[in-house]
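First up is the structure itself, then whatever we jot down about it.
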Amino acid sequence: MTRPGLRVAAMLLALSAPALAQTSKPAAPPLPPPAPSANANAAQGDTAFGAYQRGFYLTAFAEATKRAQQNDAAAMTLLGELYAQGLGVGRDDSKAAQWYKQAASLGDRDAVFALAMFAFEGRAGPRSGTEAARLMTEAAKLGHPAANYNLGLLYLQGQEYKQDFARAAELFRVAADAGNPEAQYALATMYKEGRGVAKDEKQAALLMARASIAGNLDAMVEFAIAQFNGAGTEKDESAAAQLFLRAARRGSPIAQNRLARILMAGRGMPADATEAIRWHLVAKKAGAGDAELDLFVSKQPQSVRDAADQAVKKWLSTEMALR
């Protein structure tokens, strides 16, 4: 039985002292697909998760209930998720926890991970960092990528476990090898700073590139910086500029500032005073000020500044509409 895209709540733990100020908090990714179900009628089980993915939650609930009655751990986890999110049924953390516990008792790693998140958040019972860490460790041993990543954060920050950079790096590597972009970014940062592993700019850049391709915004920004400077990877100002543009459009103030500088200087893409001012003002509104760009703006004709102001207003109105 497969269940692509099933999600649980994310741990709001931030990496301490990253190489660059992060533009977002690292979060647990979607639950990965489990191993195929051992039930004879796996196709019927897939119906539940197919319905879940299409937003047919009542159908997902009915089909998962059938499969759960046949002792299908994955279906039990899905029922827990439906109750936890209030999809197709009323939100009920107590019932969600009951289904997660039944699935966890059958060895479902996603259910164990979900219970760890519940313990961290104090859902269906008192918040318990100790119990959450125990469950996170259990899920990590079962090979859950997000559990390895989040457990690595606990060792990195010294929460529940004694701070241990080397152990954190080991856990990040397991999750990174499984394709977790947050773990790839975290491990890249450790290689860049030489914490828990030997300092290695090439390895850091390689991991940043992988996380960037997977869409991690912080990694996109840092890999673009590495590309632009030729740090640990081949210098390519044009490719860096395009990556900054993508990250800027996704709302990264750091990328918006770097893009403004690129457009001011005409490095990596043609110089464009209007666009440079536009991205500078957008970044500035988000807290990324830049005295050099302020001076550049003051030297531009009024017509250029007016055009940039209009572009900023359009950007901001679009952003507000998407919220």
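The values are calculated or read from the model by the stated rules, or taken from the named source; none is laboratory data. These figures come from a predicted structure and were not determined experimentally. Cβ coordinates were reconstructed from backbone atoms using ideal geometry, including for glycine residues, and neighbour counts include every protein chain displayed.
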Can you tell me which of (1) over 25 Å from Gly196 (Cβ atoms); (2) at pLDDT below 95 is the one Ala96 doesn't meet? (2)
Consider segment 269-304. How many of its residues are at pLDDT 95 or above, surrounded by fewer than 16 Cβ atoms within 10 Å (Cβ to Cβ) and basic (Lys, Arg)? 1
Exclusive hit being over 23 Å from Ile213 (Cβ atoms), touching a residue at least 24 places away in the same chain (Cβ under 8 Å) and either out of contact with any helix residue (DSSP H, G or I) (no Cβ under 6 Å at 6 or more places or on another chain) or crowded, with 24+ Cβ neighbours inside 10 Å (or both), set Ala183, Ala166, Ala146, Ala175: Ala166
Restrict the check to segment 244-253 and report whether at least one residue is of a type outside the set (Asp, Glu), touching a Gly at 6+ places or on another chain (Cβ under 9 Å) and in a helix (DSSP H, G or I). yes
Failed criterion for Arg123 (all others in (1) within 28 Å of Thr189 (Cα to Cα); (2) not in a helix (DSSP H, G or I) hold): (1)
I need the full set of residues from segment 228-265 which are of a type in the set (A, V, I, L, M, F, W, C) and under 19 Å from Gly215 (Cβ atoms), in order please. Ala239, Ala240, Ala241, Leu243, Phe244, Leu245, Ala247, Ala248, Ile254, Ala255, Leu259
Run Val312 past the list (1) loosely packed, with under 15 Cβ neighbours inside 10 Å; (2) at pLDDT below 95; (3) of a type in the set (A, V, I, L, M) and report the number of the one that doesn't hold. (1)
Segment 149-162 - residue that is surrounded by fewer than 18 Cβ atoms within 10 Å (Cβ to Cβ) and touching a residue at least 60 places away in the same chain (Cβ under 8 Å) and, of those, nearest to Glu182 (Cα to Cα): Gln157
Out of all the residues in segment 61-90, which are part of a helix (DSSP H, G or I) and farther than 16 Å from Tyr100 by Cβ? Ala62, Glu63, Lys66
Please verify whether Ala211 is farther than 24 Å from His280 by Cα, surrounded by 21 or more Cβ atoms within 10 Å (Cβ to Cβ) and within 18 Å of the chain's Cα centre (by Cα), treating the condition exactly as stated. yes
May I ask you to verify whether Gly287 is of a type outside the set (Val, Ile, Thr), more than 18 Å from Met220 (Cα to Cα), under 23 Å from the mean Cα position of the chain (by Cα) and outside any helix (DSSP H, G or I)? yes
The lone exception for Gly289 - which of (1) farther than 19 Å from Trp315 by Cα; (2) without any contact (Cβ under 8 Å) to a residue 12 or more places away in the chain it fails: (1)
For Ala74, the lone unmet condition from (1) buried (at least 24 other Cβ atoms within 10 Å of the Cβ); (2) at pLDDT 95 or above is (2)
Breaking point among (1) under 19 Å from Pro270 (Cβ atoms); (2) surrounded by 24 or more Cβ atoms within 10 Å (Cβ to Cβ); (3) charged (D, E, K, R), for Arg249: (2)
I'd like the full set of residues that are outside any helix (DSSP H, G or I) and closer than 24 Å to Asp108 by Cβ, limited to segment 127-160. Arg127, Ser128, Leu142, Gly143, His144, Glu160
Lone unmet requirement of (1) in contact with a Ser or Thr (Cβ under 9 Å, 6 or more places away or on another chain); (2) touching a residue at least 40 places away in the same chain (Cβ under 8 Å); (3) surrounded by fewer than 24 Cβ atoms within 10 Å (Cβ to Cβ) for Ile225: (1)
Given the condition touching a helix residue (DSSP H, G or I) at 6+ places or on another chain (Cβ under 7 Å), crowded, with 24+ Cβ neighbours inside 10 Å and of a type in the set (Val, Ile, Thr), answer yes or no: does some residue in segment 110-133 qualify? yes
Take the residues in segment 92-109 that are of a type outside the set (Gly, Ala, Ser) and over 21 Å from Gly50 (Cα atoms), then tell me which one is surrounded by the fewest Cβ atoms within 10 Å (Cβ to Cβ). Leu106
